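Worksheet: the structure to be examined is printed underneath.
All of the numbers you see were taken from the coordinates with simple rules; none came from a lab. Keep in mind it's a predicted model, so treat the numbers as computed, not measured. Cβ placement follows ideal geometry from the backbone for every residue including glycine, while neighbour counts extend to all protein chains displayed.
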Amino acid sequence: MKQKALDLFHCPPQNYNCAQAVAAAYQAAAGDLSINVDSFRAFGGGRAPGGECGAVFAACQMNPDSAASIREAFRKQTGHLDCASIRVKGEATCRACVGLAAGLLELESRG
């Protein structure tokens, strides 16, 4: 799932943002065609509720039962949950956040 999300992030032909890349990777892994990947366009670039990173937001939407643990693990590795702080502090690139969020989602979805 992590590699699929990285392959989709800002790459043609879809040019998915962070939230879309994570949602699309989950959709592919789960085979869940009911997920509207395009609807996640609105949550990239820090536009998720509370300014949350779109990648972690999408991961939590895909597996709401594990949202708290996904957020905590993400925050431990990046130092923040909000996109602006992650970008300003330079703790992680957007690409790294996509990979991390998708990897955490994959880990939680298995368990």
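With the structure loaded, tell me whether residue 106 is of a type in the set (D, E, K, R), part of a helix (DSSP H, G or I) and within 14 Å of residue 2 (Cβ to Cβ) or whether it fails that test. Show your work before the answer.
Details: of a type in the set (D, E, K, R): yes; part of a helix (DSSP H, G or I): yes; within 14 Å of residue 2 (Cβ to Cβ): yes.
Considered against the rule, which asks whether it is of a type in the set (D, E, K, R), part of a helix (DSSP H, G or I) and within 14 Å of residue 2 (Cβ to Cβ), residue 106 comes out as yes.
For the subset of region 9-28 comprising residues that are closer than 21 Å to residue 71 by Cβ and among the aliphatic types (A, V, I, L, M), which member is surrounded by the fewest Cβ atoms within 10 Å (Cβ to Cβ)?
Result: 24.
When you scan region 83-90, do you find a residue that is over 14 Å from residue 57 (Cβ atoms), crowded, with 16+ Cβ neighbours inside 10 Å and not basic (Lys, Arg), even just one?
Checked region 83-90: no residue is over 14 Å from residue 57 (Cβ atoms), crowded, with 16+ Cβ neighbours inside 10 Å and not basic (Lys, Arg).
Looking at the structure I just gave you, is residue 97 closer than 11 Å to residue 18 by Cα and of a type outside the set (D, E, K, R)? Full working, then the answer.
Working: closer than 11 Å to residue 18 by Cα: yes; of a type outside the set (D, E, K, R): yes.
Yes, satisfied.
Which condition number in (1) closer than 24 Å to residue 27 by Cα; (2) surrounded by 15 or more Cβ atoms within 10 Å (Cβ to Cβ) is the one that residue 110 fails?
The number of the failed condition is (2).
Here is a list of conditions, (1) closer than 17 Å to residue 2 by Cβ; (2) over 12 Å from the mean Cα position of the chain (by Cα), and residue 95 meets all of them except one; can you say which number that is?
Result: residue 95 passes all but (2).
Would you confirm whether any residue within region 29-38 is buried (at least 22 other Cβ atoms within 10 Å of the Cβ) and not charged (D, E, K, R)?
Just the residues of region 29-38 that are buried (at least 22 other Cβ atoms within 10 Å of the Cβ), to begin with: none.
No - not one qualifying residue is present in region 29-38.
Which condition number does residue 51 fail, the rest of (1) closer than 24 Å to residue 30 by Cβ; (2) in contact (Cβ under 8 Å) with a residue 24 or more places away in the chain being met?
Every condition holds for residue 51 apart from (1).
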